[in-house]
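A short reminder: the numbers here are calculations on the coordinates, not readings from a lab. Just so you know, these numbers come straight off a predicted model, no measurement behind them. Counting neighbours? That spans all protein chains shown, and the Cβs are built from the backbone with ideal geometry, glycine included.
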Amino acid sequence: MHQTVQNLLNIKNEIKTKLEELKYNYLPNIVAVSKTFSIKHIVPIIDYGHVHFGENKVQEALEKWPGVKKSNPNIKLHMVGKLQTNKVKFALQIFDFIHSLDNLKLAKKISEEQKKYKAKPKIFIQINIGDEDQKSGIIKTDILDFYNECKNLDLDIVGTMCLPPYNKDTKKFFLEMEQINNKLKFKELSMGMSHDYLSAIEHSASYLRIGSKIFGERS
């Protein structure tokens, strides 16, 4: 068995054990974040039947995925990095999910382009959960107004996403995200990465963005 497949199975087993422990009856989706890895590194888990994959850059996704998606139409590609407005028209050609809607200008651009391309990606609103100056995202107090603007723009908002402060206990931020999500009655919640996905599950994360724990460290 290829190492990446083994890594994926190990993660699934850890998740299963955690969910049994918590007595939770749901199964989160694993987005295998394959940025910087070539398709030959990714093929083993595609062949294994994994469906959700994440990329950080539009250009890299366009170079890697069109052929693969054509021959594997069930694959769902997730934009998990920051999306620039000038890349939206290209992003809509390849991504099924956008996890990083972080400002109104971007929301308007997606709305405009999705009409042209007749493509309607599922979108997560990125929340700046730690109120960090260096991070993008909607501030917590603005989230309801922003969501209403997105609805007026006919965006398919399915949930929220966060990148919590790296060097702090992420659990408190995950709890806050869960509360925000429940308040807005969203079904989906994108949070948890290679180092903290088991904590994210405790707070109902439905999409876990896991890269290095599947593919190994990036060079």
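What are the residues whose amide H is under 5 Å from the amide H of VAL33, where those residues sit 5 or more places off or on another chain and H is modelled from the backbone?
Amide H to amide H, under 5 Å and 5 or more residues apart or across chains, VAL33 pairs with GLY54, ILE210, GLY211.
Give me the percent relative contact order of the chain, please, defined on Cα pairs under 8 angstrom at least 6 residues apart.
20 percent
With a cut-off of at most 11 other beta carbons within 10 Å, and DSSP calling the residue loop, which trypsin sites (Lys or Arg not before Pro) in segment 113-158 qualify? Please list them. List each step's numbers first, then the result.
On the way: sites: LYS115, LYS116, LYS118, LYS122, LYS135, LYS140, LYS151; in loops: LYS118, LYS135.
Those that pass, being in a loop and sparsely packed, are LYS118.
Can you give the net charge of the other residues whose Cβ lies under 14 Å from the Cβ of GLN6, counting K and R as +1 and D and E as -1?
On the way: positive: LYS12, LYS213; negative: GLU14, ASP47.
Counting the neighbours of GLN6, the net charge comes to 0.
Would you list, by chain and number, the lysines whose Cα falls below 22 Å from the Cα of LYS140, excluding same-chain residues fewer than 8 positions away?
The reachable lysines, counting only those whose Cα sits under 22 Å from LYS140, are LYS82, LYS105, LYS108, LYS122, LYS151, LYS168, LYS171, LYS172, LYS183, LYS185, LYS187.
Counting DSSP beta bridges with both partners in the chain, what percentage is antiparallel, nearest 5?
0 percent
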